[in-house]
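Here's the structure, in structure tokens; my notes come after.
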Amino acid sequence: MNNHVTVLEIDANAVLHNLNYFKQRLQPDTKILAVVKAFGYGSDAVEIAKIVKDNVDYFAVAYCNEGIALREAGIDTPILVLHPQIQNIPTIVKYRLEPNLYNFKIFEAFLNYASEVPLMNYPIHIKFNTGLNRLGFWHTDVPNIIARLKKSSNVIVQSIFSHLVASEDLNEQEFTINQINNFAYIIKQIYEHLGYEPMIHILNTSGVVHYPQAQFDMVRIGIGLYGFSNTPNETAQLKNTHSLKSIISQIHNIQPGETVGYNRAFVANKPTRSATIPVGHADGISRKLGNKNGFVIVNNQPAPIIGNVCMDMIMVDVTKIDCKEGDEVIIFNHQQHIEYMAHKCETIPYEILTGLSQRIKRLVKH
Ligand SMILES: *Cc1c(COP(=O)(O)O)cnc(C)c1O
């Protein structure tokens, strides 16, 4: 028996469908890196990795510890750590993780460590900043990077990459194409002087959709795996992967003038039936969804959230819904519902998914 009532179901077939959808749009020899950072966008990184590992070439995580979790679960695929820190270097090597080296400080630290051990041909990745101004070397750093690499046989550059600023926004097409061209120029210089040709990648999910001409050797798919592509037509081709379900714990019949929840935020103006559901803001259901901004589904009908969202509970209006204590509640099970929640919370589906707390039980459906 499962002790948890609030469960996030992960649909393995939907994840595979989404992966194949992008695969079909790419050249047959373009490699795929699956981004499983932040617990696989709020799902379960290890489970997602197990689902897709035979169909992808690489995984990426943000931090070293996320990579360790995959290795400890027996995942053998190469893992790129997008945002490592100097103090992680020995651990990265111990777990055969592959660091993104984004500035001279960590680049030097890694090369020094590699020569002390010594390592032989250890795979590293180098990131260039082409406009995001977040992480990455500048194009002017190329000569110094090459000079330093030429002195080392301890590492091998597995890939050179960059990240688009606004791949989902076609109003920024000119900026994006410029970014891609600048990146291509950096690559040209590196290929001329390094002596070998590392893999190249710049596209995320929306990049694959809008700029397939820039797929180079590999693409990095994150949100697309999880059913979203930042464009309605494309999202419609993808399948929902995250479904959050719970049950009705209790039903109250409330008389006019009575209130529901903290600070009496909902006031009944007619006889009202409210249902209490064991999921709250500590689980990632934003307080912005209270006061009828959000809804859940009970017996196929929308039930608005009334009053304030509590830490561990929400109350919904089920006056017109035939239901009883113990019935199933769908908090969401469709991308449109997640997008609606994101809109009401003034955010994007990425934040709704990654904000689902670890308290919620994850369950994979095959
Ligand atoms: C998170 C991330 C991705 C994935 O982006 P999506 O929009 O989710 O596909 C790709 N590359 C980098 C560098 C990232 O940080």
Two-decimal ratio, the range 12-228, of alpha-carbon radius of gyration to 2.2 N^0.38 Å: 0.98
Return one number: the angle in degrees, 0 to 90 and rounded to the nearest 10, between the long axis of the Cα atoms of helix 335-344 and the longest principal axis of the Cα atoms of the chain. 80
Student exercise, the range 261-327 dipole from Lys, Arg, Asp, Glu Cβ charges, in Debye to nearest 20: 340
Just to be sure I understand: if I project the alpha-carbon convex hull of the chain onto a plane and average over all orientations, what area do I get in nm²? 20.3
Placing unit charges on C-beta atoms (Lys and Arg positive, Asp and Glu negative, everything else neutral), compute the dipole magnitude of the range 242-365 about its Cα centre in debye, rounded to 20. 40
If R₀ is 35 angstrom, what is the calculated FRET efficiency for the pair N291 and K365, using the beta carbon separation as r and rounding to 0.05? 0.60
Identify all aspartates and glutamates with a Cα-Cα distance to K239 below 15 Å; exclude those on the same chain that are fewer than 8 residues away in sequence. E9, D11, E339
Considering only DSSP beta bridges whose two residues both sit in the chain, what percent are antiparallel, to the nearest 5? 50
Compute and list, largest first, the equivalent-ellipsoid semi-axes of the range 236-329 from the alpha carbon gyration tensor, each √(5λ) rounded to a whole angstrom. 22, 15, 12
Sequence neighbours fewer than 8 away in the same chain don't count; with that in mind, list the lysines whose C-alpha is under 30 Å from K150. K31, K94, K105, K127, K188
With each pseudo-label sitting 7 Å past Cα toward Cβ, what's the E325-N233 distance in nm, one decimal? 5.2
Return the FRET efficiency for the residue pair Q358, N253: r is the Cβ-Cβ distance, R0 is 30 Å, and the value is rounded to the nearest 0.05. 0.30
Let me know the charge dipole size of the range 12-228 about its Cα centre in debye, to the nearest 20, where only the beta-carbon of Lys, Arg (+1) and Asp, Glu (-1) is charged. 340
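Bear in mind that the values in this text are calculations on the coordinates, not laboratory data. If you're wondering where the values come from, they're calculated on a predicted model, not measured in any experiment. Neighbour counts run over all protein chains shown; Cβ positions are idealised from the backbone, glycine included.
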